[in-house]
Amino acid sequence: MASKTIPDRTRDRIDVAPRFTDADVIRLNNLFRGQDAAEVVASVIGAGLLGDTAIVSSFGAESAVLLHLVAQVAPDMPVLFLDTGKHFPETLAYRDTLAAQLGLNIVNLTPDADDLAAKDSTELRWSYDPDGCCEIRKVKPLEKAMAGFDASITGRKGFQSSTRQGLPRFELDGSTGRLKFNPLANWTRADLDAYFEAHDLPRHPLEAQGYPSIGCSPCTSKVLPGEDPRSGRWRGWDKTECGIHEAVSPIGDDPANDPAF
């Protein structure tokens, strides 16, 4: 699949002032408390509350749900895919399947060639420095792509791991002032399964083989019964995230504690 380019959305804006504040995050979490994910997606995107927005998708085991939800409201929204060069072939095929079925506007983000040559010429950095590998292949390409956006939409869920428990629907992305919107923050495995069935969405081909969370092939292993869904990621390393998502520290009232959220 050919990569599409990201349109220039900077509008000559000087990127210094924060786009969103802690107060904005609290307001948004409270404003949409109790509404289901489809309602929130339609309201937030329809009203343009997030500014210029992109979806960040790994095209992993659960990605189809978020992509389908957003595509119903904003089919042309850019879907940023970090094409690291280390994905399972099944993931790339799944990306193409969903792109065709849902009519997605996929933008493939690749690592900088000079960075790869200087810091991972052997392509084995994952084996001794997974953080450094993620920095080159994921963090830097996404930072560059997000320069023209105000917010990103992610498919993270609180049940996926202990480090994601209490995930709010809206959060700030570090010091950039960009907003992260997590529509499925409080969804369960049963919710996801029901949505797949109701909308006849295809499953990732590796899911049935014991991969409930799928990243780059060298750093993804099968998950045993009873383990966190993300326990197969970077197994044996003190690492739970690739770096594009930091540990969650909800601001103010934690909406995930509200059973109606």
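The values are calculated or read from the model by the stated rules, or taken from the named source; none is laboratory data. Note that the structure is a prediction, hence the values are computed from the model and not measured. Backbone-built Cβ (ideal geometry, glycine too); neighbour counts: all protein chains shown.
When you look at LEU142, is it touching a strand residue (DSSP E or B) at 6+ places or on another chain (Cβ under 9 Å), at pLDDT below 95, surrounded by 15 or more Cβ atoms within 10 Å (Cβ to Cβ) and in a helix (DSSP H, G or I), yes or no? Judged against the criteria, LEU142 is a match. Counting only residues that are in contact with a helix residue (DSSP H, G or I) (Cβ under 8 Å, 6 or more places away or on another chain), of a type outside the set (Gly, Ala, Ser) and free of Cβ contacts under 8 Å to residues at least 40 places away in the same chain, the stretch 78-108 holds 4 of them. Got at least one residue in the stretch 71-90 being touching a strand residue (DSSP E or B) at 6+ places or on another chain (Cβ under 6 Å) and of a type in the set (Phe, Trp, Tyr)? The answer is yes, given that some residue of the stretch 71-90 is touching a strand residue (DSSP E or B) at 6+ places or on another chain (Cβ under 6 Å) and of a type in the set (Phe, Trp, Tyr). A count restricted to the stretch 99-116 and to residues that are more than 10 Å from PRO78 (Cβ to Cβ) and either touching a Cys at 6+ places or on another chain (Cβ under 9 Å) or surrounded by 15 or more Cβ atoms within 10 Å (Cβ to Cβ) (or both) stands at 7. In contact (Cβ under 8 Å) with a residue 60 or more places away in the chain and of a type in the set (D, E, K, R), is that true of ASP115? Taking the combined requirement at face value, the residue does not satisfy it.
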